[in-house]
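Shown next, in structure tokens, is the structure this report addresses.
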Amino acid sequence: MIGEIGGLPTRILQAPEAVRVGEEFIVTVTTLTGGRIVPNGAEVRVHELAAEITPYDRILTGTGWYVDRQVLSPHEVRLQFNSPGLATIRVIGVNQTGERAIVESQIVVHP
């Protein structure tokens with residue numbers, strides 16, 4: 001299931017302010033999980049100077065003991081841009097009512 005990013009009390013997207021062309025870097029996307037909901041990776045798409053990240057969480061099944069509280073869960077992804085300029089990183093998730101939520105940030109890609 002797509003991760004919840006709307007209405008969180010923290011920065012949802014953490015990325016460097018600037019990188020170099022061809023340099024791989026880490027971006028952290030935070031989703032709201034807890035109880036039986038745990039992080040489950042992310043889908044990343046990069047095209048020229050635009051990156052889209054869709055974080056995923058999953059619901060644990062089976063019996064067991066789970067703490068029924070909300071937790072901020074990081075999803076680390078690696079990105080790389082191969083052209084200089086102003087790049088946009090877009091996170092696509094859902095808000096607390098299940099509607100689509102988008103968070104964007106821009107970074108400078110130096111030659």
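Any read-out appearing in this document is the output of simple, stated calculations on the displayed coordinates, not a laboratory observation. Not measured: the values here are computed from a predicted model. Virtual Cβ from ideal backbone geometry, glycine too; neighbours counted across all protein chains shown.
Summary table
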read-out: Packing-based ranking, highest mean first, of 100-106, 43-49, 88-94, 24-30 given that Cβ atoms within 10 Å are counted; value: 88-94, 24-30, 100-106, 43-49
read-out: Loop-located trypsin sites (Lys or Arg not before Pro) in segment 1-42, at most 16 other Cβ atoms within 10 Å (DSSP); value: 11, 36
read-out: Segment 95-101 - phi-based ³J(HN,Hα) in whole Hz, Karplus 6.51/-1.76/1.60, Gly and Pro as x; value: 9, 5, 9, x, 7, 4, 10
read-out: Listed values (1) 132; (2) 92; (3) 112, entry calculated as volume of the Cα convex hull per residue in Å³; value: (2)
read-out: Residue 13-residue 61 FRET efficiency (beta carbon distance; Förster radius 35 Å; 0.05 resolution); value: 0.75
read-out: Residue 68-residue 108 pseudo-label distance in nm [points 7 Å out on the Cα-to-Cβ vector]; value: 5.1
read-out: Pair residue 99, residue 46: separation of 7 Å Cα→Cβ label points (nm); value: 3.3
read-out: For the chain, size of Cβ-based charge dipole, Lys and Arg +1, Asp and Glu -1, in debye; value: 180
read-out: Per-residue HN-Hα couplings for segment 48-64 [Karplus 6.51, -1.76, 1.60; θ = phi - 60°; Hz; x = Gly/Pro]; value: 6, 9, 9, 10, 10, 10, 10, x, 10, 10, 9, 9, 6, 10, x, 8, x
